[in-house]
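Only the coordinates and a few stated rules stand behind these numbers; no lab work does. These numbers come from a predicted model, not from an experiment. Note: ideal-geometry Cβ built from the backbone for every residue, glycine included; neighbour counts use all protein chains shown.
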Amino acid sequence: MHFNVKGADLIAGVNIVERAIATNDSIPALQGIHLLVEQNVLTLTANNLQIAIKTKIPCTTLQPGEQIVDGRLFSELIRKLPYDNVIVQTQDNQVTVSSGTMDFSLNTISTDDYPEYPSCEEKVLALTDYELERLIKNSSFATSNDDHQPIFSGVLVEIEQDKYQFVATDSNRLSYVQAQTGQTFAEKKQFIVPKPSLVELGRCLPITETLVEVLFGDNQLAFRFNDTIFTTRLIDGKFPNYRSVLFTEQKTAFVIKRQQFIQALERAHLFSRAEKVPVLIQLTDGVLEIGTTSGLGRSQEQYSVEQEGNDERAAYSPKFMLDMLKTMDADQVEFRFEGTRQALIKPADSDDHLYVLMPIRI
Amino acid sequence: MRTIMHVDMDAFFAAVEVLDHPEYAGQPLIIGGRKDSSRGVVSTASYEARKFGVHSAMPIAKAVVLCPHGIFVPGRMERYQEVSRQVQAIFPQFSPIVEPLSIDEAFLDMTGCEHFYSSLEHMGQSLKRKIRAETGLTASVGIAPNKFLAKLASDWQKPDGLFVLRPQEVAGFLRDLPVGKLWGVGKKSQALLHGLNLHYVRDILPHSEAWLQAKVGSALGSQIYHLARGIDERPVVPEQQAQSIGHELTFSEDVDSFPFLRRQLAELSEKVGWRLREQDFYAKTVSIKVRFHDFRTITRSHTLPHTFNDDDTIFQQALHLLEGVKLEPVRLIGVTVSNFSQGTQLSLFSTLDQSSSQVNEVMDGINRRFAPGTITKGRTLPSKSD
């Protein structure tokens, strides 16, 4: 293996694949970056068995070949090189990285144990990186951290006709977000993707209005964009029927400026956070009261709002409300609630992002 | 200027006994032990018994001599605590700042709440009336600008007293008090002050703070200098929120029957659950404590991912923990819940917790109306087989 590569290209490639380097795995190869040199193409791969990422960058090939080097070391080393021209070659069972007058010899890891890259062949709907990022951002925050329910630690990725629907819940609140793709897919498909995979995917996306192809395979889902393919293992299991909790009728509603609502809840949260006391949302004759009482004291705020339906009051976790409000894209939000039923928070002018949360019984 | 209210239940334990045994009314009643108790000490004497010279901390044997016709009963601490909780549940309706001093005493900082009442007397009456209505007991109330004076005031017209000490009356009120009434002056300090020819508060007033400090020590000297002038800046400190609620039971002989222990666990769980709900808390953690015949004591606990306040969850978790313990003869068993929060986050997908909490609600209603333990789950009762 022997190639010349531009330092900037190499760093860009490593930036993408290093998200799939295993931390402290018993199999050393999983902590490595796999380098494959073919005709003027360098393919970088990392695979921690949860996530696998492969990306291609241009290079000048002097001799094809493959090697695995320690991922962290390689990644940090190439960032610290002062010159833009880097030569990488195999010498005496080591990989030598040369730049200017510098030579570094990296011990290699055997390629024998390297897992095969998971294959995903079945194409489903494609979408832009913008849309994909929005779907990830508006859903993934609502997953559960409780290990006992693996289903809830993932995000449901659902394909139905022409749209993607991402749903996440920790069983106390649920976030639903959808995006139209302009294409149609005949079958309804459901995948449960581990939250960390989606978060890492979001960080890899170029956000340049690039089209992302989505493919599935055996218990795997892959996202292909530019010269990169990002593949994640799926969570096995059945996601609960979210439609039954999402689409319900709450009789009382108000509309409020999102920023105003966020700030009010943040002030209430100052009082409630230490003892995790709920915040009371009370709507009476067009007056919205947001307040809380804790050992630290009491907060109370009033707003004049558009009211729909009867007077109503219920208590909620301020953190749960803020989680949603901070990720949503809208100036005005609609808050629908009724007694001990789940409340619905959504942008006032759109149904693309819906969030339901259960009240706290006090 | 602050407004501090001190509430002191009148002969509390005795009053509770009279409440539960109306035939004791008007009788000299002595709580602490039966007449033949050789080691007992009087914990409370009714006002009728006090006329015979019986007072708390006196050996029962001596009380028997002083008051041979008295009614002697052993204390029922659990019952007193229960009534105490009823009383304490009233205080937050009057002020958010409540400092419970003991089972039958508390300070309430009423500063800023004065305008809710036509007068300070009316404020005190309202509280006394409320306690009377909800528990059937009388309390003595003192209202004054600080804790020291409020406590003196509540003592002034006991029992069933109400005394308001206004700032302009303080100096006159204190003048003729014996120095022993000053907060912090016990038997020893009192003797020390008497030795300096200081018998009444008025005797202290001519002396400088430095002089007093030189004579009785800097802390006490400064304290009595200020108290003699009616100055006491101590704030009313609300009680720290309870960190855990638990009940335990010591057996008269060591027990190794699992069905018996299971039954005790069920009963303890109900008691714990009841208190948890009375305080409007939800818990996340259940612990059990087991003391074996050889005094080896172990605790086991489990934290759930969700909050709960129902007896069933407490019992199931406690039982599960007990099942994990290698059983040897047991002399004590206890159940504790901790990790509290207010309210419980409802779940989108489960309706399971609903029915259990409804059962608890109904049972609590009955138990609140009659007495705790009036209605209980079958699992706390002995089965035919044992």
| Under a 5 Å amide H to amide H cut-off, with H placed in plane at 1.01 Å, what residues pair with B:GLY33 once short-range neighbours are removed? | B:VAL73, B:GLY75
| For labels at A:GLN282 and B:VAL325 in the simple 7 Å Cα→Cβ model, what's the distance in nm? | 4.5 nm
| remark: With B:ILE90 itself left out, Lys, Arg at +1 and Asp, Glu at -1 over residues whose Cβ is under 11 Å from its Cβ give +4
| Size of charge dipole - the protein assembly as shown - debye, nearest 20, with Cβ of Lys, Arg +1 and Asp, Glu -1, no other charges | 3400 debye
| said: Please compute the modelled spin-label separation between A:GLU249 and B:LYS215, points set 7 Å along Cα→Cβ, answer in nm with one decimal. | reply: 8.4 nm
| remark: Sequence order, segment B:167-174: Karplus ³J(HN,Hα) from phi using 6.51 cos²θ - 1.76 cosθ + 1.60, θ = phi - 60°, Hz rounded, Gly and Pro as x, gives x, 6, 9, 4, 4, x, 5, 6
| message | Compute the angle between helix B:77-90 and the longest alpha-carbon principal axis of chain B, please, reported from 0 to 90 degrees and rounded to the nearest 10. | response | 70 degrees
| said: Taking the Kirkwood radius as the inverse of the mean 1/r across Cα pairs, report the Rg/Rh of the protein assembly as shown. | reply: 1.12
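For peptide A:356-362, compute the average count of partner chain beta-carbon atoms within 10 Å of each residue's beta-carbon.
Values: counts 1, 3, 6, 4, 8, 10, 5.
Rounded to a whole number, the mean comes out at 5.
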| For segment A:161-306, Kirkwood radius (reciprocal of mean inverse C-alpha pair distance, Å) | 19.3 Å
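Ratio of alpha-carbon Rg to the 2.2 N^0.38 Å globular estimate for chain B, to two decimals, please.
Working: Rg = 25.0 Å, N = 386, 2.2 N^0.38 = 21.2 Å.
That ratio works out to 1.18.
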| field | Sequence-distant residues sharing a close amide H with A:GLY32 (under 5 Å, placed H) | value | A:ALA22, A:GLY71
| request: Specify the angular offset, from 0 to 90 degrees and rounded to the nearest 10, of the alpha carbon long axis of helix B:311-323 from the longest principal axis of the alpha carbons in chain B. | output: 70 degrees
| field | Residue list for segment B:21-43, given a label point 7 angstrom along the Cα-to-Cβ vector of B:LYS62 and an amide N cut-off under 13 Å | value | B:40-43
| field | Taking only Cα atoms of segment B:72-168, radius of gyration then Dmax in Å | value | 13.6, 46
| request: Nearest 5 is fine: what % of DSSP beta bridges in the protein assembly as shown come out antiparallel, could you say? | output: 95 percent
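Please find the FRET efficiency linking A:ASP113 to B:PHE349, where r is the Cβ-Cβ separation and R0 is fixed at 45 Å, and quote it to the nearest 0.05.
Rounded to the nearest 0.05, the efficiency is 0.60.
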| remark: Nearest-0.05 FRET efficiency for B:HIS226 and B:GLN81 at R0 = 25 Å, using Cβ-Cβ distance, is 0.10
| task | Find which of A:PHE191, B:LEU212, B:PHE349 sits farthest along the positive direction of the dipole of the protein assembly as shown, computed with +1 on the beta-carbon of Lys and Arg, -1 on that of Asp and Glu, about the Cα centre. | result | B:LEU212
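Calculate the translational D of chain A in whole µm² s⁻¹ from Stokes-Einstein, where the hydrodynamic radius comes from the Kirkwood formula applied to all Cα pairs, the temperature is 4 °C and the viscosity 1.567 mPa s.
On the way: Rh = 23.0 Å.
For these conditions, the coefficient is 56 µm²/s.
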| task | For A:GLN332, list long-range residues whose amide hydrogen, built 1.01 Å from N in the peptide plane, is under 5 Å from its own amide hydrogen. | result | A:ARG258, A:ALA348
| request: Place a label point 7 angstrom from the Cα of B:THR138 along the Cα-to-Cβ direction, then list the residues of segment B:17-34 whose backbone nitrogen is under 12 Å away. | output: B:26
